[in-house]
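Since the structure comes first, as structure tokens, the remarks are kept for the end.
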Amino acid sequence: MPQILPPSANLAVRLALVGALGAGPALLWLFSSLGGSSWVTRAGEAPVQPVPFSHKLHVGGLGLDCRHCHWWVETGAVAGMPSAKTCMHCHAQVFSDAAPLEPVRSAFDGDRSIEWVRVADLPDFVSFDHSIHVRKGFACVTCHGRVDLMPLTEQPVAMTMRWCLDCHRNPERYAWPVEQVFRMDWQPEGDPVALGRRLVREYGLRRPTDCSFCHR
Amino acid sequence: MAKGALAMPDAARRYWWAAFGIASVLVLVLAGSLAVLLWRGLGIWGINAPVGWGFAIINFVWWIGIAHAGTLISAILLLLRQNWRSGVHRLAETMTVVAIGCAALFPLLHMGRPWLFFWLLPYPNSMGTWPQFHSPLVWDFFAILTYGFVSLLFWYLSLLPDLAVLRDQARSRRGRIAWCLAALGWRGSARQWETHRMACWLLAGLATPLVVSVHSVVSFDFAVSLVPGWHSTIFPPYFVAGAIFSGLALLIVLVVPLRALVGLGERITESHLDAMAKVLLAAGLVVTYGYAAELFFAGYGGSPYERYALANRLSGPYAPAGWALVALNVVAIQALWFGAARRRPWRLFTVALAVSAGMWLERFLIVVVSLHRDYLPAAWGIYRPTFWDWATLAGAAGWFAWLMLLLVRFLPVMPVAAASPQREPAAGSDDTARAVHPGTRPYGLAGVFTTAGQLVEAVRRARVEGYRRLDAFSPAPVEGLPAVLGAPRVRLSPAMFAGGLAGAFGGLLLQFWSNVIDLPLAVGGKAAASWQAFVPVTFECAVLGAALGALAAMAAATGLPEPHHPVFAIPGFERASRDRFFLLIETADERFDSLRTRDFLERSGAQEVHEVPG
Amino acid sequence: MKFRASVVACALALLAGGCRREMYDQPRLEPMERFEFFADRRSLRPQPPGTVARGRLLEDRHLYTGYSEQAKQPVELFPTSEEALERTLARLAGPPLAESFPFAITRRHFARGRERFEIFCAPCHGLAGYGDGMVVRRGFRRPPSYHIERLRQAPVGHFFDVISRGIGAMDDFADRIPPEDRWAIVAWLRALQLSQWARLPEIPAGIPPARAPTPEIPPVRLQRDPPAELAQVQAEQRARLGSYGWIDPEKKILHIPVERAVELLLEAGLPVRASVAGKAGER
């Protein structure tokens, strides 16, 4: 009886077997890391908007407060988008004939809305309320990043459930004093951990991780 | 492909093709209904409030139950030394593996988005969550995973020597390579046989509690809930007995036509059928006891809901199903008290077919009839299976039949090692292929013997002569050979114990860490750290760990997989899997001398002596 | 085989992950989501004309418009005296702007007013109200400073009316600032005005003798470092709001820290309409 397979087959078969055993965990690893990667979540990617609006110009350069345009944020679930009228308040005079602002002008003239592309889009099965977060000391930049540095707006971190839970479990790491939450560049003075603990006590922050807290 | 797997008469072949054709059509039906399901979603099934668990769960429980009979015959009867199992255990094991495959299909599909099944696994996901280990559905996932793995391992392990036979008989080069890879390099050495025997024994010991746990866990899916008709402590034993009952019935349904067609009458005799029928009757009586217990609990327990649920089975809108269940599962098996029914294959077949259908109805009764009228009369409803429900049911049966037909056709349906050598060996191989390259040191000298007794005697004498690097190859395990060889004892149990311990601790740690420390979620008002909820998964992890430990120890003890080995070059070694016995003395032995050793082998009664190229 | 199928399905699901189908976007509408059902594609519906939203009847003219309630005076179709003519003409001209606040102004309102002012008004009017905000520095028409005699004398209702309905280049802010907040902003304007035009009974020591310069706006040009410019402008404006200095040494008029101005206003009390004046002491 001749040899059917060469000696190298032994190594090949053993490696294939180990590979097959390791394939499951490897696939899990692949899926879990792909699922949270920016390739899937599109974190850090600025979608193409009808108007190339620059937060860097309006917030970083003009010092507009977040609430100048997103004025529902303190009382509503969604922060709200400014109407074309809000834009036209200034742009009726400043850059009043700039070509990129054409969608704003036509929306204003035609009483339509500018169709912005949602940058921070939570899934529909999550209930999120901006007002409670900003009132309890969670700053805009904590989730949306330094928009005052963004020429085009992007969502800097993937808004995965793990990311939500990180803060829901450890609010002391992320809480700011309520009067600072709309600041872009606030830095805690002294021990941030001690401050966080104090704020958690002061604002009575809970650590809500029940399913139905967000998935209502 | 090897034609030697199963000698099929022409008539049988025609039947086989007919059956295969029907099964193939059903597989296409399954593929079609799955495609529609994945494309359009679960709405194509009849499930809706209040019956959220329809055919998918019925079929799941039915198939997983059928799998259990295979384990019963292969493992439990092995441990009980019931020799009649030898004729049917391969078929039963094959049935187990295929049935688990069918069963696992249904919970996956029932999830709605089966491509996300891996969300059930505990891994650090982007949701920051862990499986809810307090839930029987998660226990189920672990139980089926472990059961599938152990069954596959058990099946493959017992198939291994037969795959070597197929390799040695294969005529085409491609077939030889395929079977060579499949056999992992099995060469029938004394140590491999010893390891094989021990591994089968130990895995049987492992599979026995496993099979009890799996269907207990399946029953927990129901029993842990509060639905009247489900919420009962009788469920685990009642489910396990029902599983064995239905599985044995299906095994009989498979065996009877097969033995008639293929002429296995001398291997699977009337007394085999008789034994199976007796076990079927016993399991059926336990199931009948379960029905009686349910009635008693409902009547004696005093819960009006429970009482109503039971009465509803026999008098509600599904009463025909209820009475059919009694007729098929309780009345029909009474025939098996009589030898005339047990020993006549087609009578037994009829009873078994009735039981198979009856057990499906039992699951229908448990799932649908309990759900359609629960506590709130305003939410009562009627479950109407849709076309796609039926198509999936038929398709899964076709899928099962399709796989069984293929496996029966191309793999040995009987353990070949137990069969007496009758047929002539395949055509001899060409001699040019085994020319020894001059200058390479040979691996050793091999003597060929015709009986096991000669081999044992030769080994004994070689030991006396002072040879230490010996190996012996045989087509079947030879009693006393390992002892004569003086090889160190094969020990698999320490590795299994270590693996089991690691699995248990790992599983327990995982559950405590993920469900108590990292993500404590209050579900059903249970405490996060209620350890009782962690018992099933800990057990399944222990079994899985032990099986993996056994696998590692087997690989270490036998050196498998090793598809290339010098002994394969021995002329005529293909008969080592059939009717010849080989003794190998390696050149590495201190006392090896090519002339004197050759002389010794010839004196010991070797028919031929060959040099083994290095 | 099934396993392989699931792996392939998983891979496909991952590839499709970017599309976010399934339950990510459900058929229900999120606020401000596009909705083809209506011609304007808005899911958020504007209030239909001729309707009143619940709780938005806005009966209180003083509170919601900044005009005082008109006294029920008899109107003569054929006035027989000068006085009667005046009365009738006044009635025909519409109600007068409110001279008082509709509710008592407390410390809380000043704080709220300051916050809202800095969000909505300061971009043009500047933090100190000189009409030198950042937007104006980028070419928007410069609004008048609050610190001119006309506006110091203007009734509070005027400011409320301007916020509610706009004036000149200024659009209205009625949608963005609720009426209570508008009144709070008006209160803050009063504090700003006092802080930049204060006569104190005792002049604090150590005030530099030089007169504070009037804020000027440089011509619009390409900016090299807008954030730095912003920081500098805001620092100047805050400095003016936070310190003592002379506006007019001859008339003994100072600019004082705005916090001091708030205290002074709280001591003196801002005018409140008669119907709630009695209750002011309780708050």
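The values are calculated or read from the model by the stated rules, or taken from the named source; none is laboratory data. Everything quoted here is computed from the prediction, not taken from an experiment. When we count neighbours, we look across all protein chains shown, and the Cβ atoms used for this are built from the backbone with ideal geometry, even at glycine.
Considered as a group, the residues in segment A:33-47 that are assigned to a helix (DSSP H, G or I) and within 12 Å of chain B (Cβ to nearest Cβ) include one that is farthest from A:VAL117 (Cα to Cα), and that residue is A:SER33.
Pairing each residue of segment B:493-509 that is closer than 19 Å to B:TRP139 by Cα with any residue that is acidic (Asp, Glu), provided the two are 6+ apart or on different chains, yields C-beta distances under 9 Å for B:GLY503/B:GLU540; B:GLY507/B:GLU540.
Among the residues of segment C:159-190, those that are more than 11 Å from the chain's Cα centre (by Cα) and either more than 19 Å from C:PRO123 (Cβ to Cβ) or among the basic types (Lys, Arg) (or both) comprise C:ARG165, C:ARG190. Only one entry of A:ASP148, A:ASP129 meets the criterion of being in contact with a Gly (Cβ under 6 Å, 6 or more places away or on another chain) and either within 21 Å of A:VAL178 (Cβ to Cβ) or among the hydrophobic types (A, V, I, L, M, F, W, C) (or both), and that entry is A:ASP148. Within this structure, A:GLU74 fails the test of being more than 26 Å from C:GLU115 (Cβ to Cβ), touching a residue at least 12 places away in the same chain (Cβ under 8 Å) and either surrounded by fewer than 19 Cβ atoms within 10 Å (Cβ to Cβ) or within 20 Å of the chain's Cα centre (by Cα) (or both). Residues in segment A:158-175: is at least one of a type outside the set (Phe, Trp, Tyr), under 28 Å from A:LEU64 (Cα atoms), touching a Gly at 6+ places or on another chain (Cβ under 7 Å) and surrounded by fewer than 17 Cβ atoms within 10 Å (Cβ to Cβ)? Yes; the residues of segment A:158-175 include at least one that is of a type outside the set (Phe, Trp, Tyr), under 28 Å from A:LEU64 (Cα atoms), touching a Gly at 6+ places or on another chain (Cβ under 7 Å) and surrounded by fewer than 17 Cβ atoms within 10 Å (Cβ to Cβ). Yes or no: B:PHE573 among the hydrophobic types (A, V, I, L, M, F, W, C), within 11 Å of chain A (Cβ to nearest Cβ), out of contact with any helix residue (DSSP H, G or I) (no Cβ under 8 Å at 6 or more places or on another chain) and buried (at least 21 other Cβ atoms within 10 Å of the Cβ)? It is false that B:PHE573 is among the hydrophobic types (A, V, I, L, M, F, W, C), within 11 Å of chain A (Cβ to nearest Cβ), out of contact with any helix residue (DSSP H, G or I) (no Cβ under 8 Å at 6 or more places or on another chain) and buried (at least 21 other Cβ atoms within 10 Å of the Cβ).
Every listed requirement among (1) in contact (Cβ under 8 Å) with a residue 40 or more places away in the chain; (2) facing another protein chain (nearest Cβ under 10 Å); (3) in a helix (DSSP H, G or I) is met by B:TRP84 save one, (2). Among the criteria (1) surrounded by fewer than 21 Cβ atoms within 10 Å (Cβ to Cβ); (2) over 13 Å from the mean Cα position of the chain (by Cα); (3) more than 10 Å from chain A (Cβ to nearest Cβ), the one C:ARG138 does not fulfil is (3).
Residues checked against (1) modelled with pLDDT of 90 or more; (2) not aromatic (Phe, Trp, Tyr):
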{"position": "A:ALA84", "(1), (2)": "yes, yes"}
{"position": "A:ALA92", "(1), (2)": "yes, yes"}
{"position": "A:GLU102", "(1), (2)": "yes, yes"}
{"position": "A:SER106", "(1), (2)": "yes, yes"}
{"position": "A:ASP121", "(1), (2)": "no, yes"}
{"position": "A:HIS133", "(1), (2)": "yes, yes"}
{"position": "A:PHE138", "(1), (2)": "yes, no"}
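Answer with yes or no whether C:ALA128 is buried (at least 23 other Cβ atoms within 10 Å of the Cβ) and either free of Cβ contacts under 8 Å to residues at least 40 places away in the same chain or assigned to a loop (DSSP other than H, G, I, E, B) (or both). In short, yes.
If the Cβ limit is 8 Å and pairs must be 6+ apart or interchain, which residue in segment A:30-43 that is in contact (Cβ under 8 Å) with a residue 24 or more places away in the chain pairs with which residue that is acidic (Asp, Glu) and not in a helix (DSSP H, G or I)? Note: pairs meeting the criteria are A:SER38/A:GLU45; A:ALA43/A:GLU154.
For segment A:2-20, a tally of residues being closer than 15 Å to B:LEU560 by Cα and more than 7 Å from chain B (Cβ to nearest Cβ) returns 6. Within segment B:155-184, the set of residues being farther than 27 Å from B:GLY101 by Cα, facing chain A (nearest Cβ under 10 Å) and assigned to a loop (DSSP other than H, G, I, E, B) comprises just one member, B:ALA170. Residues considered: B:ALA170, B:ALA178, B:ALA164, B:ALA190. Of these, the only one that is of a type in the set (Gly, Ala, Ser) and within 21 Å of the chain's Cα centre (by Cα) is B:ALA164.
In segment A:164-186, of all residues being within 14 Å of chain B (Cβ to nearest Cβ), in a helix (DSSP H, G or I) and out of contact with any Lys or Arg (no Cβ under 7 Å at 6 or more places or on another chain), the one that is nearest to A:VAL200 (Cα to Cα) corresponds to A:CYS167.
Considering B:ALA31, B:ALA104, B:ALA92, B:ALA49, the condition of being of a type in the set (Gly, Ala, Ser), more than 30 Å from B:ASP168 (Cβ to Cβ) and crowded, with 17+ Cβ neighbours inside 10 Å is satisfied by B:ALA104 alone.
Within segment A:1-51, the only residue that satisfies the criterion of being of a type in the set (D, E, K, R) and farther than 30 Å from C:TYR24 by Cα is A:ARG14. Taking segment B:259-273 as the range and being in a helix (DSSP H, G or I) and either over 20 Å from B:THR71 (Cα atoms) or more than 23 Å from the chain's Cα centre (by Cα) (or both) as the test, the residues that pass are B:ARG259, B:ALA260, B:LEU261, B:VAL262, B:GLU270, B:SER271.
Considering (1) within 25 Å of A:PHE182 (Cα to Cα); (2) within 21 Å of the chain's Cα centre (by Cα), the lone condition that A:ASP124 does not fulfil carries the number (1).
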